[in-house]
1. Name the helices (runs of 4 or more DSSP H) wholly inside segment 1-81 in which the number of residues that are buried (at least 22 other Cβ atoms within 10 Å of the Cβ) is 2 or more.
2. With the checklist (1) of a type in the set (Val, Ile, Thr); (2) buried (at least 18 other Cβ atoms within 10 Å of the Cβ); (3) out of contact with any strand residue (DSSP E or B) (no Cβ under 7 Å at 6 or more places or on another chain) in hand, flag the one item VAL134 doesn't pass.
3. Quick one: which residue in THR147, THR120 is among the polar types (S, T, N, Q) and either without any contact (Cβ under 8 Å) to a residue 24 or more places away in the chain or away from ligand 1 (no atom under 12 Å from the Cβ) (or both)?
4. Hey, could you check segment 143-183 for residues that are among the hydrophobic types (A, V, I, L, M, F, W, C) and under 14 Å from the mean Cα position of the chain (by Cα) and say which is farthest from ALA209 (Cα to Cα)?
5. Anything in segment 83-122 that is within 16 Å of ligand 2 (Cβ to nearest atom) and either surrounded by fewer than 18 Cβ atoms within 10 Å (Cβ to Cβ) or part of a loop (DSSP other than H, G, I, E, B) (or both)? List them, or say none.
6. If you scan segment 138-167, which residues turn out to be more than 22 Å from ALA202 (Cα to Cα) and β-branched (Val, Ile, Thr)?
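Coordinate-derived values only; no laboratory data. Note that the structure is predicted; figures quoted are calculated from it, not measured. Note that each Cβ is placed from the backbone with ideal geometry, even for glycine, and that neighbours are counted across all protein chains shown.
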Amino acid sequence: MTTTPVDLSVYLVTDTAQCTARGRSVAETVALAVAGGVTAVQIREKHATGREFLRTVLEVADVLPERVTLIVNDRVDVYLAARSAGARVTGVHVGQSDLPPAAVRDMIGEHAVLGLSAATPDQLRAAAEDPARVHHVGIGALHATRTKADAPAPLGHAGFARLARLSGLPAVAIGGVTPADLPFLRDSGAAGAAAVSGICAAEDPRASARAYARAWFGTRNESLA
Ligand SMILES: Cc1ncc(COP(=O)(O)OP(=O)(O)O)c(N)n1
Ligand SMILES: Cc1ncsc1CCOP(=O)(O)O
Ligand SMILES: [Mg+2]
């Protein structure tokens, strides 16, 4: 059983209110961020109706090149509806209070990518052992964040590195992540770094995404030089 290969290195998680406050739609923000070098995008909608959420996913899928992974936060029904509509969506991200991985896996099928939030050694162990084949974990909060009111307490670099070492699955850092964190995260074995406000609330999402991509890849990738 295989899941789609994905590159989570520079992972944009969207926030509609932050995009709107900058006078841009989520899809416009994503298009700029992709031009700047993000490799994965998660659509996260905490206040939208199902219909609005689906519309946003379809709009984003339309502007995404095939190489960029598209993940739906929380809503398996929205993921399934987007797939039924022919959109290229890669998977779903759920947290510890959302549907359990086994229920999600049953609905999304064997090939879809399943991400799970984990903030403790027990949660990491359970994720790695879960027969639902969790693909990767989101570990946070790295730093304090104003984007998610109920985010777990900040781990700091040392706390993240300890959890990433314990994780049997690829680990993405989230929560207050800035480009300055990326060399440390990469060196501590993270599979990627996720950012919301650092890109959605930026004056120039393309330049901001580029700063994350350069910090992660260096100038190995000539298009980022
Ligand atoms: C990559 C990534 N990691 C963690 C989260 C947080 O998910 P969750 O704990 O379910 O919280 P909400 O995002 O649903 O508020 C994430 N979304 N992405
Ligand atoms: C969704 C989520 N999960 C843990 S922290 C967080 C929000 C991160 O937002 P920001 O990158 O703006 O700090
Ligand atoms: Mg969730």
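1. Values: elements: 16-21, 26-36, 50-63.
Where helices (runs of 4 or more DSSP H) fall fully within segment 1-81 and carry at least 2 residues being buried (at least 22 other Cβ atoms within 10 Å of the Cβ), they are 26-36, 50-63.
2. Failing condition for VAL134: (3).
3. Only one candidate passes the filter, namely THR120.
4. My answer is ALA171.
5. Residues satisfying the conditions are GLY95, GLN96, SER97, ASP98, ALA119, THR120.
6. The answer is ILE139, and nothing else.
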